[in-house]
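Right, one structure below, let's go through it.
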């Protein structure tokens, strides 16, 4: 279902308008301390990294900035155990940074329809897919690039280390965006709530599902994809928990939960493959 995890009532460092729809953000820092957050944004905020819930999920907080919405913390949740579905299948990550479920490694490797997946690396950690997808799709990594191997070799990527509080490998990726003046397209939404006194209390959020992030040059493709995804959820009867639109716009309570129907658009993604061999680090 479409939902986000951020908890700001109004964007820091921008207007007090809330926004919905697909917008571009620049990445400022992964897992900033309270002091780093204030130095970057100019606003004081107590940032903690306590585990959440009975599954002890660790927040991975990415500080981003949008010219209209201001600064936002996008909160991903990372576990320290492999993902296992309700049917007992394990989620695996490949050396390309792709994800799939399988009853066993052999069930995947012996399936001729799984050639796109690549070589199995290991079982995936809870929440890892969303984090990897944010960076992989934001960078526009070519489908044949050995993305996981690249970030292991060049940034010592290790989800267990990230879970323990070391976000250096993700900040390595964040610096690639900064060095190359790149942004990421993400879906903004608004969590609509009512407090105990019957007053509306709305929160700016960002959708954190892995198929909702796009390279900065692929806005038309992003809009078409997001529109279809929202439509599929409605048809399947899944709730859309955020007020969201396709076009980036100021939130109003009267706005539809799903944005305007798109006309004919070019949905072919640009050729945006990132060559890691040319990235300075």
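No lab work stands behind these numbers, since they all come straight from the coordinates. Given the structure is predicted, the values throughout are model-derived calculations rather than measurements. Glycine also receives a Cβ, built like all others from the backbone with ideal geometry; neighbour counts cover every protein chain displayed.
Value of Rg to Rh for the stretch 69-160, rounded to two decimals, is 0.99; Kirkwood radius and Rg both from alpha-carbon coordinates.
Just want the ordering: 247, 17, from fewest to most Cβ atoms lying within 10 Å of their own Cβ.
Sorted ascending by nearby Cβ count, the order is 247, 17.
For the stretch 164-246, rounded, prolate or oblate, judged on the Cα gyration tensor with a ≥ b ≥ c (square roots of eigenvalues), a/c < 1.5 rounded, else prolate if a/b > b/c? Here the stretch 164-246 falls in the oblate category. Panel note: the C-alpha atoms of the stretch 102-155, placed on their principal axes, show extents of 30, 24, 19 Å (largest first). For the stretch 79-172, the relative contact order works out to 30 percent when only alpha carbon pairs closer than 8 Å and six or more residues apart are counted. The value of relative contact order for the stretch 151-227, using C-alpha pairs under 8 Å at least six residues apart, is 22 percent.
For the peptides 78-89, 183-194, residues were scored by their other Cβ atoms within 10 Å and the scores averaged per peptide; the highest-first order is 183-194, 78-89. Looking at the stretch 167-209, the pairs of alpha carbons with a distance over 16 Å make up 61% of the total. Protection proxy ranking for 44-53, 208-217, 27-36, using the average of other Cβ atoms within 10 Å per residue and placing the highest first: 208-217, 27-36, 44-53. With a ≥ b ≥ c taken as the square roots of the eigenvalues of the C-alpha gyration tensor of the stretch 20-68, please select rounded if a/c is under 1.5 and otherwise prolate if a/b is larger than b/c or oblate if it is not? It is oblate, given that a/c is not under 1.5 and a/b is not larger than b/c. For the peptides 110-116, 171-177, the ranking by packing is 171-177, 110-116, with the highest mean count of neighbouring Cβ atoms within 10 Å listed first. Computed over the stretch 1-155, relative contact order equals 19 percent, with contacts defined as Cα pairs under 8 Å that lie 6+ residues apart. Start at zero, step by 10 Å, and the Cα-Cα distances of the stretch 5-137 spread as 11, 33, 28, 19, 8, 1 percent across the bins.
Extension gain, residue 156 to residue 209, is 16.7 nm, computed as 0.36 nm per intervening residue step minus the present C-alpha separation.
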